[in-house]
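Notes for the one structure printed next.
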Amino acid sequence: MLTYEDVWDDLLAALEDSGLEAFDVQNFIEMSTCLREFRCYCQVTGARAGSEIRAEIAFVWDAVMTARSVYGHEAAPPSGFRTLPGFLSRDGAMTDALELEIKYYFPAKDFESAGFLTRTVQNIIMAIVDHQNFPEVNFEISVAPDQVVNVHRAYAFYRWPVPLNTERLELAPLCREIARVLQALHHSGHFEESL
């Protein structure tokens, strides 16, 4: 089974090979449970620094996954220990896997345009992806005392399952997809930012 370090190393290499610029690479560890979390952002080459059109890729890695990556599948979780889900292989055996969470951030200046932006971004993404992960669109808002609605962040996201029982991860198709989505968002004409 691949290790946590293998996964993020393969991911960063695939992003670079796809022409994406990774930045703000973060690794977190929760000390009491040894839960690890990786997160990074990327943008297309030529995008201005601080662009609102960018992608975030994240995953979590629990202590059982660390034990299995070091000691193999005989490293069973302790009684009552919650693990992240694996998935069933064709032969019905449980396979180690993780889910990458992909978020596409885009500018949203006012909440009145949320419906239009949701449909637009979903249509852009679904015209590019060749899987059934229909993107969910979220808006993080606040309402001021004078009832003005402020949009702080807007993003579309879906999850991408990654099997870990392999020598190397094949993340090139995912990273090329991310690059195509970011290019399409930049060139859609619906946002002020363009390349």
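The values are calculated or read from the model by the stated rules, or taken from the named source; none is laboratory data. Fair warning: this is a prediction, and the values are worked out from it, not measured in the lab. Cβ atoms come from the backbone with ideal geometry, glycine included; neighbour counts cover every protein chain shown. Heavy atoms of the whole protein, side chains included, go into the accessibility calculation; ligands, DNA and RNA do not. Shrake-Rupley method; radii C 1.70, N 1.55, O 1.52, S 1.80 Å.
A few notes on this one:
- With every protein chain in place, segment 109-159: carbon and sulfur % of accessible area (1.4 Å): 51
- For the chain, the membrane-span-like helix rule (DSSP H, alpha carbon extent of at least 15 Å along the helix axis, mean Kyte-Doolittle at least -0.5) picks out 4-17, 114-128, 172-187; this says nothing about an actual membrane.
- Value of [θ]222 nm, deg cm²/dmol, for the chain, DSSP H segments ≥ 4, -39500 (n - 2.57) each, nearest 500: -9000 deg cm²/dmol
- Averaged per residue, segment 4-187 has 54 square angstrom of accessible surface, using a 1.4 angstrom probe with ligands and nucleic acids left out.
- Spin-label pair E56/V143, simplified geometry with 7 Å Cα→Cβ offset, distance in nm: 2.4
- Solvent exposure of E30, expressed as accessible area, is near 80 Å², computed with a probe of 1.4 Å over the protein chains only.
- Dipole magnitude for the chain: computed about the Cα centre from +1 point charges on Lys and Arg Cβ and -1 point charges on Asp and Glu Cβ, it is near 300 debye.
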